[in-house]
1. Using 0.36 nm per residue of separation minus the Cα-Cα distance, give me the extension gain between B:Thr65 and B:Leu51 in nm, one decimal.
2. Please compare each pair in A:Lys13/B:Lys104; A:Lys13/B:Lys3; B:Lys52/B:Lys96 to a cut-off of 29 Å on the Cα-Cα distance and tell me which ones are over it.
3. Would you tell me the mean number of C-beta atoms belonging to other protein chains that fall within 10 Å of each C-beta in A:33-41, as a whole number?
4. Quick one: grab the alpha carbon gyration tensor of segment A:1-79, order the square roots of its eigenvalues as a ≥ b ≥ c, and give me rounded if a/c is under 1.5, else prolate or oblate depending on whether a/b is larger than b/c.
5. Please compute the average number of Cβ atoms from other chains found within 10 Å of each residue's Cβ in peptide B:29-41.
6. Inside 10 Å of the C-beta atoms of B:96-104, what's the mean count of C-beta atoms belonging to other chains?
7. What number comes out for the charge environment of A:Gln68, summing +1 per Lys or Arg and -1 per Asp or Glu over other residues with Cβ under 11 Å away?
8. Under the classification rounded if a/c is under 1.5, otherwise prolate if a/b is larger than b/c and oblate if not, where does the protein assembly as shown fall, given a ≥ b ≥ c as square roots of the Cα gyration tensor eigenvalues?
Amino acid sequence: DAGVTQSPTHLIKTRGQQVTLRCSPISGHKSVSWYQQVLGQGPQFIFQYYEKEERGRGNFPDRFSARQFPNYSSELNVNALLLGDSALYLCASSWTPVQEGGYTFGSGTRLTVV
Amino acid sequence: DAKTTQPPSMDCAEGRAANLPCNHSTISGNEYVYWYRQIHSQGPQYIIHGLKNNETNEMASLIITEDRKSSTLILPHATLRDTAVYYCILRGGSEKLVFGKGMKLTVNP
């Protein structure tokens, strides 16, 4: 079975540009969460979506936005990129937003802003 | 902020049991203890979780003290592939996971 799929795996952007990251959850999972992990730190929660509705938002500026599509895939958009946005962006999927079992994470998208 | 405390690093010999400690003295009654690990350049991997009883699955065992203020993740026979950063996380009814810096486990041959 396919796990959580994220694309692209790596990309390089210039300050001020915009970027879109994509995530396909495990088949049947309806909830998708996004996390940012800067070097040397643990992942930080950005958003969670369930049934195309935003269920939670972390402490990130409005430059960060996301959406979920009818097939439950999701996109994370970051506008006006800053050097500090360089990080590994992780997507996690689950059946429900607050399920007792663990979330399944993808391998992430490594974003470098120059 | 993370509500758990873990040592920054730990070494273990291959084939031996690895006992990974976690302190969570301010745990609330509805909070579960979750463990994830992250192997270099990969996403976090769920290992196990528990509320107050000890739990065991094919990957590990979780021992939670009676007062629930600390727990231990046990990898019974550590292998080189268990080298990773291990995160101990408390989670109640929230949709989000709050990760700390975790603990780097190095399994040595």
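1. On the way: separation 14, 0.36 × 14 = 5.04 nm, distance 1.05 nm.
Here the segment from B:Thr65 to B:Leu51 would lengthen by 4.0 nm.
2. Values: A:Lys13/B:Lys104 31 Å; A:Lys13/B:Lys3 35 Å; B:Lys52/B:Lys96 21 Å.
Over 29 Å Cα-Cα: A:Lys13/B:Lys104; A:Lys13/B:Lys3.
3. On the way: counts 3, 0, 5, 0, 4, 0, 0, 1, 4.
Mean shielding by partner chains, rounded to a whole number: 2.
4. Values: a/c = 1.55, a/b = 1.37, b/c = 1.13.
Taking the square roots of the gyration eigenvalues as a ≥ b ≥ c, segment A:1-79 is prolate.
5. Partner-chain Cβ atoms within 10 Å, mean over residues of B:29-41: 2.
6. 5
7. Result for the neighbourhood of A:Gln68: 0.
8. Values: a/c = 1.87, a/b = 1.53, b/c = 1.22.
Because a/c hits 1.5 or more and a/b exceeds b/c, the protein assembly as shown counts as prolate.
Bear in mind these aren't lab numbers, they're just calculated from the coordinates by the rules spelled out. Computed from a predicted model, the values in this text were never measured in an experiment. Cβ: placed from backbone, ideal geometry, glycine included. Neighbour counts: every protein chain shown.
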